[in-house]
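Engineer: Right, I'll just put the structure down here and ask away after.
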Amino acid sequence: MTTEELKKLEDDLWTAATRMRADSDLKLSEFATPVLGLIFLKFADNKYAAVESEILAEVKAQENSRRQREIHEIAIEKCGFYLPDKSRYNYLLNLPEKEDIAKAIKHAMAEIEKYKPELKDTLPQDEYYDLTRTEKNLPKTLLKTFSDIPVDATGDIFGKIYEFFLGRFAMAEGQGGGEFFTPTSVVKYMVEVIEPYTGTIFDPACGSGGMFVQSSHFIDERKKELKNSDPKDLYVYGTEKTLETVRLAKMNIAVNGLRGSVIQANSYYEDPHSAFGKFDFVMANPPFNVKDVNYDRVKDDRRFNTYGIPQNKSKGKKKQEGDANLVPNANYMWINLFATSLKPEGRAALVMPNSASDARNSEADIRQTLIKKGLISQMVTLSSNMFSTVTLPASLWFFDKSKMVNDFESEKDNIKVLFVDARNVYRQIDRAHREFTQEQIWNLATITRLYNGDSERFLHLIHKYIQNIGDLLPVATAAYERYLSIHNQLVQGLEKWHKAASFNKEQQPLAEELLQQLLLLTLSSDKNYSAAAVAAEAATADYLKKNKVTNEAQHQVAEKLLLLSDAKKVLKKHLDKSFRSLEKLFKQAEKELRDKNDKNWKELISFRELNEGATQMNEHFNEAMNRDPQFSAETEGKSAFYFFKTMAWLQERFPEAKYEDVTGLCKVSGVDEIEEQDWSLNPGRYVGVVIEEDGMTEEEFNDEMSKLNIALLELNNEGTSFLNLIENNYNSLFQE
């Protein structure tokens, strides 16, 4: 299934589902669970159908054997589910409308849980009765809607559809929905940094399980790179205080084929997984700035008191008798929980509000302790609007317990923190939302790998970009040649029409002017661009043929690509100017010169075709994403120039394929420098700011400002004229 097909399917499913919800009396939060339950059921049925013949064959082969196993045992071994006949999707779909469909779905879900104990009390059941409160046929209609998911859709496709619906429900629910959904691109980046390849992973505020799912995807991609076919060795453990969200997480984990346990619990007061020192990885996006945690209930818990619990130090209003002694802000309780839940070699990634990086009083003391212990390995500031429910920028904290020091005074020189300011790294989705592209995630994670001394992964990533460029350069060339052909056919067609047409005296001057301008508009291939394209394609092909993955060889390719990129910019300006001129002439001829019944005009290539050709060419020339990368194949919707720009971003900052501090982006700081900054962990204090040059001379700048000032004066004069006109019209209409 292509990206376009998947995106259309998701949009169609969402539109249909929300339209049906509008016909009921359900809140969106009530509607989410039964909808996600049917997505789960369709996935389970697809997966079961794919191996059903194998299951039945094994059952038949064991007939009359003393070791005959039950069909459900064989099915669970083969695909993780057993679906009795009345739990099959098509059985439910084909039930007559007079049947009680809600009851049938409830029974189907109960049967799945019966044979898969880890899903006990997870799948929605009575919720399907709620769907019928005002619209009896709604369960049946939903079954029909999700039957559009192809029978050959893989688990990965289902995971994406499931995530898509979770995200949409979260955005629609606002702040409440955001409690169970962390933007996928942020989670992907966290996973790329800590690399949870094998072992145990813990999320004490797991929401719908997004951290677990992205960890699984990371492992799948790494296995492809390493050509490793061993079974996935990752176990997930989560806690979530809201039962409904726990059920979503369990379904999400099952949809993605993960093993582990998610338990309903309040992580402040309950520890169902005995988390202290237990896990290889910890990841979470916990609730920010919680102020109602009871201090007396947590003060003796080693998960929180190992590095200190936040306390009020101000001499505020005296506590009244009976009032609870509250932790002023629970952010540092979460930070403590992540640090104490790790094994000696464990790594953690967590989301925190930016304010936590500079928090004062007891929180500053805890932060200082964590820094002196060497636990904090990296701090990253994100752009604003990365989260659907929070507009303010957040920070990512990374822990690496393997770098922990035993004695601060003797080992303080070994304590380093990598600071990354990623506030300018994002893709704008719409006016209110941003995200990382997949390539931005890889590039940012590569900074961490270079800092850890891994240059090989840097070279491997640049190699991958060059491979994509090699595939896409001919596509850009073909789009350019096609555009030239369409452009020139339209010019020639207009010339032919001009010769055959007859014009009256009033039209004659304009017709002659049109012909003179048309004679100047035939385009030929730009020699500089064509030569640069040939050289770039040759250099890329030669590099890939030799397969010599070295920094020097990659920079040689980059030099040719830079020449092509520069030639493309010049060419694009020329093509845009020619396009606008031709557009103007075409519209002028259509409006003022052509006869409505002119057959010759109808034989012209339409301007719509030219516009489509220009759009296609610009897509291949474009340096920005054209489609949502969350659902894209590696090169789908992206151009060769996009990958070159992405590759150049890394090479320009790390030309030696080794880590170095980059002003405005990253900086490694030791304890002395951090102490000078009053133990702040705000990356902006360390990385500095890049002062961008506009490339203009003083004379050019003054000239540009003069032009802008003239334009402003003209607009002001035009505005004054409109105001006078409005006033005069008003007076003429309403004179006494």
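Engineer: Just to check your reading of the model, which residue among Q507, Q517, Q428, Q467 is surrounded by fewer than 17 Cβ atoms within 10 Å (Cβ to Cβ), more than 27 Å from the chain's Cα centre (by Cα) and within 30 Å of Y529 (Cβ to Cβ)?
Structural biologist: After applying the criteria, what remains is Q517.
Engineer: With the requirement that a residue be free of Cβ contacts under 8 Å to residues at least 24 places away in the same chain and not acidic (D, E), what does segment 454-463 give you?
Structural biologist: Scanning segment 454-463 gives a single hit, R457.
Engineer: Mind listing whichever residues of segment 255-267 are at pLDDT 80 or above, over 30 Å from Y295 (Cα atoms) and small (G, A, S)? Before the answer, list the steps.
Structural biologist: Kept after step one, since they are at pLDDT 80 or above, are these residues of segment 255-267: 258-267.
Next, from what is left, pick out any that are over 30 Å from Y295 (Cα atoms): 258-260.
The answer is G260, and nothing else.
Engineer: For segment 58-86, which residues satisfy the criterion of being assigned to a helix (DSSP H, G or I), at pLDDT below 85 and buried (at least 16 other Cβ atoms within 10 Å of the Cβ)?
Structural biologist: K78, C79
Engineer: If you don't mind, another one. Can you list the helices (runs of 4 or more DSSP H) found entirely within segment 540-632 that contain at least 3 residues being of a type outside the set (A, V, I, L, M, F, W, C), modelled with pLDDT of 90 or more and under 35 Å from the mean Cα position of the chain (by Cα)? Outline the logic, then answer.
Structural biologist: Values: elements: 551-592, 599-602, 607-621.
Answer list for segment 540-632: 551-592.
Engineer: Continuing with this model, one more query. Just a yes or no: is a residue in segment 243-252 of a type in the set (A, V, I, L, M), surrounded by fewer than 17 Cβ atoms within 10 Å (Cβ to Cβ) and in a helix (DSSP H, G or I)?
Structural biologist: yes
Engineer: Related question: Kindly evaluate A108 against the criterion of being touching an Asp or Glu at 6+ places or on another chain (Cβ under 9 Å) and crowded, with 19+ Cβ neighbours inside 10 Å.
Structural biologist: So A108 does not fit the description; no.
Engineer: Starting from residues that are modelled with pLDDT of 95 or more and hydrophobic (A, V, I, L, M, F, W, C), keep the ones in segment 367-393 and report whichever is nearest to V186 (Cα to Cα).
Structural biologist: Ranking the candidates gives V380 first.
Engineer: Another question, then. Applying the selection to segment 190-209, what residues are farther than 17 Å from F338 by Cβ and in a helix (DSSP H, G or I)?
Structural biologist: E192, the sole residue that qualifies.
Engineer: So, in segment 411-425, of the ones that are in a strand (DSSP E or B), closer than 13 Å to G684 by Cα and not acidic (D, E), which residue ends up nearest to the chain's Cα centre (by Cα)?
Structural biologist: That would be A422.
Engineer: Select from segment 670-699 the residues that are at pLDDT below 85 and in contact with a Gly (Cβ under 8 Å, 6 or more places away or on another chain) and list them in ascending order.
Structural biologist: V689, V690 - these are the residues of segment 670-699 that are at pLDDT below 85 and in contact with a Gly (Cβ under 8 Å, 6 or more places away or on another chain).
Engineer: Now, a different point. Out of everything in segment 20-40 that is over 26 Å from the mean Cα position of the chain (by Cα) and assigned to a helix (DSSP H, G or I), what residue ends up being surrounded by the fewest Cβ atoms within 10 Å (Cβ to Cβ)?
Structural biologist: Residues of segment 20-40 that are over 26 Å from the mean Cα position of the chain (by Cα), as a first pass: 20-27, 30.
Filter once more, keeping what is assigned to a helix (DSSP H, G or I): 20-22, 30.
Values: M20: 20, R21: 21, A22: 9, E30: 16.
The residue in question is A22.
Engineer: Here is a follow-up. Which of the residues that make up segment 348-383 are charged (D, E, K, R) and surrounded by fewer than 24 Cβ atoms within 10 Å (Cβ to Cβ)?
Structural biologist: Listed by number, the residues that qualify are D358, R360, E363, D365, K372, K373.
Engineer: Moving to a separate point now. Has segment 446-460 got any residue that is more than 25 Å from V671 (Cβ to Cβ) and buried (at least 19 other Cβ atoms within 10 Å of the Cβ)?
Structural biologist: yes
Engineer: For I462, are the conditions met, namely being modelled with pLDDT of 95 or more and either at negative phi or of a type in the set (A, V, I, L, M, F, W, C) (or both)?
Structural biologist: The answer is yes for I462.
Quick grid of which residues meet (1) touching a residue at least 12 places away in the same chain (Cβ under 8 Å); (2) surrounded by 21 or more Cβ atoms within 10 Å (Cβ to Cβ); (3) acidic (D, E):
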| residue | (1), (2), (3) |
| --- | --- |
| E439 | yes, yes, yes |
| D471 | yes, no, yes |
| A501 | yes, no, no |
| E512 | no, no, yes |
| A535 | yes, no, no |
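Engineer: Which residues, counting only those in segment 233-292, are touching a strand residue (DSSP E or B) at 6+ places or on another chain (Cβ under 8 Å) and among the charged types (D, E, K, R)?
Structural biologist: Within segment 233-292, D233, E240, K241, K250, R259, E270, K278, D280, K291, D292 meet the criteria.
Engineer: Still on this structure: For segment 403-418, enumerate the residues that are of a type outside the set (A, V, I, L, M) and modelled with pLDDT of 95 or more. Full working, then the answer.
Structural biologist: Keep residues of segment 403-418 that are of a type outside the set (A, V, I, L, M), which gives 403, 406-414, 416.
Result: K416, single match.
The values are calculated or read from the model by the stated rules, or taken from the named source; none is laboratory data. Everything numeric in this text was worked out from a predicted model, so none of it was measured. Every residue, glycine among them, receives a Cβ derived from its backbone with ideal geometry; neighbour counts consider all protein chains shown.
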